[in-house]
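These notes are about the structure you will find just below.
Coordinate-derived values only; no laboratory data. From a predicted model like this one, the values you see are computed outputs, not experimental measurements. When we count neighbours, we look across all protein chains shown, and the Cβ atoms used for this are built from the backbone with ideal geometry, even at glycine.
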């Protein structure tokens, strides 16, 4: 085995290899994304255009841009300091905090709304506390159903995208670069601005794009926490498609949303072109991490940890607390809410009191959820790895794939779900005979995140390492296994965690699929919340707490993989 | 050079392996089970909304009696389920569709998703619910969307409970009512329809502008209204009046932590203040199991199923001479004079009514 020579044979092989790498993700996207979407849009167009009223587009479009821009800016403002702390410092509780910040990602909007309400609502813990403290007769905080609540929820949901994507890139920077700059006399600030910031630019841009797209297509948060005064494009699509049965209008709105997504991705690609990744990685894993030194660094770590704990823990904690507390007011004492601890809601989960055929034992729901999530991880990585390698090559195929990859994030989940009904309604490719369609749809949304996590890491692997392995006699496969794979494990875990949490949280389109009898935790939670009664509400909170615990445990285990 | 494709194969193989190990549907058969085979029971697929529920024993009895296997496809809320039935009408996903309501009835009939079936059980069904005279959609149950109130609140404040829609615009009830947006919630739409039925398509906006001036709170869905805003629920919100169902007080009793002496909430059932929703079942056009589907429709219209519904779905049977469970008799309230609108009128004006409401109340 010699060093590669640019002879004709190798170039041809390399082109074939590139095609193969791009081929799998392209085929995947064509079958499971482009085809169903095209099917539903064609059907919508076929229904005639008389019910199309484009004057209705501007208001939601403007609001969608406005709230997504503002939410993204806030998420970056909160997330970048956190990414810095995670990427640079080793401190007690670092791992736990990182697992915690992923939890919001899995929670269905209904549950987050309940959590926020338990914390900030008129009878939330905060208002109850303030009322008791200052002897007030009415709740001082009125934040539910406001624009601020939408922004807060978006930061709460997407902070983990920034801390994970940017944080892992930061951790992967070779500390020698910064050290060299410092040795040459640069101040810490100047070393950051001139050395680290340009190297982090691609991942910051990637995180910003992802967060923006998540906010841009935000649906549940706007619907449940913002209230009816606020409508994004996706909310409008939902209303038109499912409540007005106006498919042409829903189709037109989805198309606009898709075009916008394409536009953002294109702008992102342009911005990203100039930044070349430095092919340098730490010599030892975790080399860049160190204990905070000096009061400034300690303060930064403490403040960020406190902020994250407050932002994430408070609503989640309020939720968990609700699941074990009885909130029965004594008759005629509506003002003073009596609380007591109880495990009744958990106990009740295990009882099929009404002998319903749809009763789901919690562990069965958990098993279904975990099964789907693991399958989604496997699919997302299996498609994500070749896609990320393909993107690293220059050429039209790579650029096309790059644009196409982000589209599932910006596509309307409602429309895509209906597209699935149209496209995959016959055996063997329908949900009933092919239940894997559900994790496949999950992995579609996870794929862009997996690729964005992997690609910068791949670009950062110095080719010299692979060449050295080659010179030492390693076959390319062995070089990949022993050079690339260990260096990519951190990024792969980031991607896996996203795929896992997206699937566990029942992302978008799949809740639209007609599903056989395999309910997951979020489905069970939603089921409880559609009926009145204290036990139903309590059980929903209990089930949501189980979902959080399951997710925390799973993410914790997933993270174990990268320390190997 | 050849190794990366090989690796791809490896990953693919691993993916397939993992996929097989991952959730295999317990009911997914290897061979298509849609057609009756001499070796196994015929499979009947019933498409329905997420709120559908039934006692397990009843279904096994049906399965045993008819040598069948019933699979339920839960397909989202009423709107999503209907959408899926419409989109898949060329290759129907199911044999039977249950859960269509009177606000969507005309639209579903227009789309032609059902085959007509004159069930012998129709004789037992109160004719006022038989809204589709062509018998494509057969009534199964009804429920009323009514305003629920928090009993303790009114007792404590020594405030008279409003008797009907007229009272809600009075100053003493300012800011006390929470309703749902009719464009995102079926209960919200039902309440809007109640006001249209009562005040007429010309006057209802006038009523709503008074409600708006009186501080009506609008949220998107029933869950938020009931669990976040309503003071009578576990959410302990700020409004003691909420748009919910006439049967909700019974559910509050059944799902209480400790069996209460009395329901914490009740419904306002004055004349023309509740909207009556009727739910229908139909046999989907192109059903693979037409004979079995007919049996299932008959089964839904039979006494055991009709008497099972109240405690499973909190709706009322449409069959005459059924016995309601005790908790329903005591706490669920059905108005004597509900508000109703003809399904074709609803279908015709739905969009414009909602739009006019949105422009007035939300903007």
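I need the shape label for the protein assembly as shown. Rule: rounded when a/c is under 1.5, else prolate if a/b > b/c, else oblate, with a, b, c from the alpha carbon gyration tensor.
prolate
If I take R0 = 45 Å and measure r between the Cβ atoms of residue A:70 and residue A:133 in this structure, what FRET efficiency does the formula 1/(1 + (r/R0)^6) give, to the nearest 0.05?
That pair, residue A:70 with residue A:133, gives E of 0.90.
For B:104, B:328, which order do you get if you count the other beta carbons within 10 Å of each Cβ and list the fewest first?
Details: B:104 26, B:328 21.
Fewest to most other Cβ atoms nearby, the residues stand as B:328, B:104.
In whole angstrom, note down how far apart the Cα centers of segment A:407-435 and segment B:137-181 are.
So the separation of the two Cα centres works out to 41 Å.
For the residue pair residue B:323 and residue A:426, what label-to-label distance in nm results when each label sits 7 Å from Cα along the Cα-to-beta-carbon direction?
Reported label-point gap for residue B:323 and residue A:426 is 5.1 nm.
Compute the FRET efficiency between residue B:256 and residue A:396 as 1/(1 + (r/R0)^6), taking r as their Cβ-Cβ distance and R0 = 56 Å, and round to the nearest 0.05. Before the final figure, lay out each step's value.
Values: r = 65 Å, r/R0 = 1.16.
Calculated value: 0.30.
For B:156, A:50, B:279, which order do you get if you count the other beta carbons within 10 Å of each Cβ and list the fewest first?
A:50, B:156, B:279
For the Cα atoms of chain A, what angle does the longest principal axis make with the long axis of helix A:485-504, in degrees from 0 to 90, nearest 10?
That helix lies at roughly 20 degrees to the long axis.
Just subtract the alpha-carbon distance of residue A:177 and residue A:556 from 0.36 nm times their residue separation and send over the number in nm, one decimal.
Working: separation 379, 0.36 × 379 = 136.44 nm, distance 3.09 nm.
Length difference between fully extended and current span is 133.3 nm.
For residue A:485 and residue A:465, calculate 0.36 nm times their separation in residues minus their Cα-Cα distance, and state this gained length in nm to one decimal.
Working: separation 20, 0.36 × 20 = 7.20 nm, distance 1.23 nm.
Between residue A:485 and residue A:465, full extension yields an extra 6.0 nm.
Over segment A:27-563, what is the relative contact order in whole percent, taking alpha-carbon pairs under 8 Å and six or more residues apart?
Computed over segment A:27-563, the figure is 23 percent.
Compute the Cα gyration tensor for segment A:27-169, then decide on rounded, prolate or oblate, letting a ≥ b ≥ c be the square roots of its eigenvalues: rounded whenever a/c is under 1.5, prolate when a/b is larger than b/c in the other cases, and oblate in all that remain.
Oblate is the answer for segment A:27-169, as a/c is 1.5 or above yet b/c matches or exceeds a/b.
Rounded if a/c is under 1.5, else prolate if a/b beats b/c, else oblate: with a ≥ b ≥ c from the C-alpha gyration tensor eigenvalues square-rooted, which is segment B:218-363?
Oblate.
Gaussian network model of chain B, Cα springs within a sub-10 Å range: biggest mean-square fluctuation belongs to which of B:197, B:91, B:261?
Among B:197, B:91, B:261, the largest mean-square fluctuation in the Gaussian network model of chain B belongs to B:261.
Mind checking the angle between helix A:362-392 and chain A's longest principal axis? C-alpha axes, 0 to 90 degrees, to the nearest 10.
Computed tilt is about 30 degrees.
With r defined as the distance between the Cβ atoms of residue A:192 and residue A:307 and R0 fixed at 30 Å, what FRET efficiency is calculated, to the nearest 0.05?
0.90
Share of antiparallel DSSP beta bridges in the protein assembly as shown, in percent to the nearest 5?
Looking only at bridges with both residues in the protein assembly as shown, the antiparallel portion is about 65 percent.
At what distance in angstrom do the alpha carbon centres of segment A:207-227 and segment B:309-361 lie from each other?
About 34 Å separates the Cα centre of segment A:207-227 from the one of segment B:309-361.
On full extension of the chain, what length is gained from residue B:118 through residue B:67, given 0.36 nm per residue of separation minus the C-alpha to C-alpha distance? List each step's numbers first, then the result.
Working: separation 51, 0.36 × 51 = 18.36 nm, distance 2.29 nm.
Taking residue B:118 through residue B:67 to full extension adds about 16.1 nm, to one decimal.
Output the 0 to 90 degree angle, nearest 10, between the alpha-carbon long axis of helix B:290-300 and the longest principal axis computed from the alpha carbons of chain B.
So the helix axis and the longest Cα principal axis differ by about 30 degrees.
When B:128, A:438, A:360 are ordered from fewest to most other Cβ atoms inside 10 Å of their Cβ, what list results? Intermediate values should be presented prior to the final figure.
Details: B:128 12, A:438 27, A:360 21.
So the residues, fewest neighbours to most, are B:128, A:360, A:438.
Of the DSSP beta bridges with both residues in chain B, give the percent that are antiparallel, rounding to the nearest 5.
60
Bin by bin, in steps of 20 Å, what percent of the Cα pairs in segment A:27-563 do you find, going until the bin that has the longest distance?
21, 54, 24, 2, 0
Suppose only helical runs count, i.e. DSSP H with n ≥ 4. What mean residue ellipticity at 222 nm does that imply for chain A under -39500 (n - 2.57) per run, divided by all residues and rounded to the nearest 500 deg cm²/dmol?
Details: 24 runs with 373 residues, N = 564.
Computed ellipticity for chain A at 222 nm equals -22000 deg cm²/dmol.
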